[in-house]
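The structure under discussion appears below in the form of structure tokens.
What follows is calculated from the coordinates using simple rules that are stated; it is not laboratory data. Here the structure is a predicted model, which means the values were calculated and not measured. All Cβ positions, glycine included, derive from the backbone under ideal geometry; neighbour counts span all protein chains shown.
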Amino acid sequence: MTEALLEIANLSKRFREDHDMAARLAARMGMGHEPATVHAVDDVSFSVAPGEVVGLVGESGSGKSTIGRMIAGLLPPTHGTIRFEGADITTRNRAETTAAALQIQMIFQDPMSSLNPRMRVRDIISEAPVYHGIITQSQAREFVAQMLERVGLEPTAGDRYPHQFSGGQRQRIVIARALAVSPQFLICDESVAALDVSIQAQVLNLFMRLRRELGLAYLFISHDLGVVEHISDRVVILYLGRVVEIAPTDALFSDARHPYTQALLAEVPRLSFEKRRFEPIKGEIPSPMNPPPGCHFHTRCPFAGPRCSREVPRLRQDGPRAVACHLEDGGVA
Amino acid sequence: MTAVLQVENLKTHFFTRAGVVPAVDGVSFSVNRGEVMGLVGESGSGKTVTGFSIMGMVDKPGRIVGGRILYQGRDLANLREREWQAIRGRHIAMIFQDPMMTLNPVLKISTQMIEAVQAHVHISKQAARERCLATLARVGIPSPAERMDAYPHQFSGGMRQRVAIAIALLHDPEVIVADEPTTALDVTIQAQILAEVQKLAEGSGTALIWITHDLSVVSSLADNIAVMYAGRVVEQGRAATVLRHPAHPYTHGLIESIPSRNKRGVDLAQIPGMTPPLLDLPQGCAFRPRCPNATDACRADQPPREMPTGQMARCIHPMRESEVAQ
């Protein structure tokens, strides 16, 4: 494999409950309790090669968005490293961090909440490249027209405001803004989840065209396995902050190893021509405040044995795949 | 089989300052006992307004301006609010996408449920409580007796949706209208809810109208499907027929743009353009500007016609068998 574009190693993020005044007072008088800690991300490692699309899949509380935010530099990690083009972006100085931040852009789920409703589209797109000296103010008009054309909008759309566009078009504006600083890496956090099916297909096609034209790499964060299967080269499956399985897309969808992945794949609604019976896995996703010991999934796993509640399974590498399950590593007894 | 609920040429329009918005414009369908009817459409197609019309919950500036909603031979379209109150919740109930829309955040689950029981039947509080417990157990809430006196925020999203479903079931209604009830839920929780709903529809004979944008969910659940576009049903029929032999180019486009139907790495089949604004609909077939088969003849209004494969579609240039990829 070629040099990784992005490499995250042993990445962890803990959120601690903030004590209010009463709790601080109680703590000072010796009656306090330990602030609750959430292990949102727990020792996660994976890498993304240049031009690769990696899908990051998980349900609520799996930490998928937190990982995206840490890579984009919006949250500092509690532990672990994030290397981009070989350099650790969590410890570098300010100038270098800025340079890396330009290389990594993020696209969120709701375009309306990431666009300033009072700014014209032209200013939204040209603000960052002008600030960072990529273009001058006088070049802005032409530059914006180019960017808009690249994402499939009218070059004249720059004169209008975000509310004058439909949801799909707004998402294209967000993508144009991200592309304006010539990034190498896009983090898409549920970027098509809020769009209608027919519009979602248009935006997914746009992502794939940009990948071909610009050689972009993506971290595609989604709960929608259909979308992830379509767009990703490799898939990372998360459960309660930990990686349970990493595999090339074809291998994962044809032969999932981890019981959680198997359950997810069995339950993803697919177009079927017959009514079918749903056979769901039992139980709720446990609270990340108080995750089960050992393997987080053992409370819902049909194959769980005594070892699963005792010992955290290791993520074992096996060729291009990796899985964290005792079944693959000596049994559950 | 007799239809429990029959919607005939329903028209619900909104009278806004900018003009009349024909949100629902001539929708007809019927649901039978124990059957699931999937009402599929994208944003602005009128699927939710159709559901609200059936529930008598269309607010100003909207109004039902035409058509009939026949429930047990009675037309509901022109009922007064008082008459509605006797039906809504008891004979026809609704489940929303967001359970917090059903639940009052500052009241205990028990308070809300007992109120819902006593609103329609005169029984003691204790008897009402018993009924609530039984219903909560039916939708798969573990230890309902303990959970019943908790507040909505103490439940997870999936459990809240179960409570909302339980409230809808309290009076064993003949019809349940479910508006995107699993859209906000995680995949594994969604499957649990779908399994519960499937059991309920089969066990109690409740007719279910399942409103969704997600063809995949409805394909494994529904007996019949109606696909809506810009306020009209463009295609309806047995679910297997509509999905296997889509006749309307819009249905065909929707099915083809589902990612898992496509080869990985190859561009998704996409429908060009976007839904037209309801205030400014194209003349004739509203899908015309986006349709690959459109001709000048499409400028005239298309009545629903029967297709060779058995379903109804509003289209004079339906997809031919050869064009429908399997």
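Once you keep just the Cα pairs under 8 angstrom separated by 6 or more residues, what percentage relative contact order results for chain A?
Working: 582 pairs, mean separation 65.1, N = 333.
It rounds to 20 percent for chain A.
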Straight distance only, please: which aspartates and glutamates reach the Cα of residue B:125 with their own Cα at less than 12 Å, same-chain residues fewer than 8 apart left out? B:115
Rank by packing, highest mean first: peptides B:75-81, B:14-20, with packing defined as the count of other Cβ atoms within 10 Å averaged across residues. B:75-81, B:14-20
C-alpha long axis of helix A:140-150 to longest principal axis of chain A, angle in °: 50 degrees
If amide H atoms are built 1.01 Å from N in the plane of the peptide, which residues on other chains or at least 5 residues away come under 5 Å of the amide H of residue A:321? none
By how many degrees, 0 to 90 and rounded to 10, does the Cα axis of helix A:167-179 deviate from the longest principal axis of chain A? 80 degrees
Please check which bits of region B:272-289 a label hung off residue A:154 would reach, taking the label as a point 7 Å along Cα-to-C-beta and the cut-off as backbone N under 16 Å. B:273-277
Starting from the Kirkwood radius over alpha-carbon pairs of the protein assembly as shown, derive D by Stokes-Einstein at 20 °C in a medium of 1.002 mPa s and give it in µm² s⁻¹. 79 µm²/s
Highest to lowest packing among A:239-247, B:94-102, A:299-307, scored as the average C-beta count within 10 Å: A:239-247, B:94-102, A:299-307
In nm, spacing of pseudo-spin labels at residue A:112 and residue A:95 (7 Å Cα→C-beta vector): 4.3 nm
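Which three numbers, in whole Å and largest first, are the semi-axes of the equivalent ellipsoid of region B:100-170 derived from its Cα gyration tensor as √(5λ)? Let's see the in-between values first.
Numbers: eigenvalues 63, 32, 23 Å².
In descending order the semi-axes read 18, 13, 11 Å.
Show that you can apply the helix-only estimate: for the protein assembly as shown, add -39,500 (n - 2.57) for every DSSP H stretch of four or more residues, divide by all residues, and state [θ] at 222 nm to the nearest 500. Before the final figure, lay out the partial values.
Working: 23 runs with 207 residues, N = 659.
The per-residue figure over the protein assembly as shown is -9000 deg cm²/dmol.
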Only residues of region A:146-186 count here: report those whose backbone N is under 19 Å from the spot 7 Å along Cα→Cβ of residue A:81, or say none. none
Sorting B:74, B:160 on the 10 Å Cβ count, fewest up front, what's the list? B:74, B:160
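May I ask you to sort A:21, B:312 by Cβ crowding, counting other Cβ atoms within 10 Å and putting the fewest first?
Numbers: A:21 7, B:312 21.
With the fewest neighbours first, A:21, B:312 line up as A:21, B:312.
When N counts the residues of chain B, how does its alpha-carbon radius of gyration compare numerically with 2.2 N^0.38 Å, as a ratio? Show your work: numbers first, answer last.
On the way: Rg = 20.6 Å, N = 326, 2.2 N^0.38 = 19.8 Å.
Cα-based Rg divided by the globular estimate yields 1.04.
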Ordered by residue, what ³J(HN,Hα) values in Hz, to whole numbers, does region B:64-76 give under the Karplus form 6.51 cos²θ - 1.76 cosθ + 1.60, where θ = phi - 60° and Gly and Pro are x? 6, 9, x, x, 10, 10, 9, 10, 6, x, 10, 7, 8
What are the ³J(HN,Hα) couplings of region A:103-116, residue after residue, when phi is run through the Karplus curve with 6.51, -1.76, 1.60 and θ = phi - 60°? Round to Hz, x for glycine and proline. 5, 10, 10, 10, 10, 8, 5, 9, x, 5, 7, 9, 10, 6
Quick one: which residues, 5+ away or cross-chain, put their amide H under 5 Å from the amide H of residue A:239? H built at 1.01 Å from N. A:244
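Can you tell me how chain A classifies by the Cα gyration tensor, rounded, prolate or oblate, using a/c under 1.5 as the rounded cut? Could you put the intermediate results ahead of the total?
Numbers: a/c = 1.83, a/b = 1.41, b/c = 1.30.
Cα axes put chain A in the prolate bin.
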Taking the Cβ of each residue in A:19, A:326, B:122 as the centre, tally the other Cβ atoms inside 10 Å and list the residues starting with the fewest. B:122, A:19, A:326
Please give the helix B:157-169 orientation as an angle from the longest Cα principal axis of chain B, in degrees from 0 to 90, rounded to the nearest 10. 80 degrees
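Might you report the magnitude of the Cβ-based charge dipole of the protein assembly as shown about its Cα centre, with Lys and Arg at +1 and Asp and Glu at -1, to the nearest 20 debye?
Details: 69 positive and 69 negative charges, 190 e Å.
In debye, rounded to 20, the protein assembly as shown gives about 920.
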On a C-alpha basis, how far is the centre of region A:226-284 from the centre of region B:149-214 in Å? Whole number, if you could? 23 Å
Describe numerically, in nm with one decimal, the distance between label points set 7 Å from Cα along Cα→Cβ at residue A:251 and at residue B:33. 5.5 nm
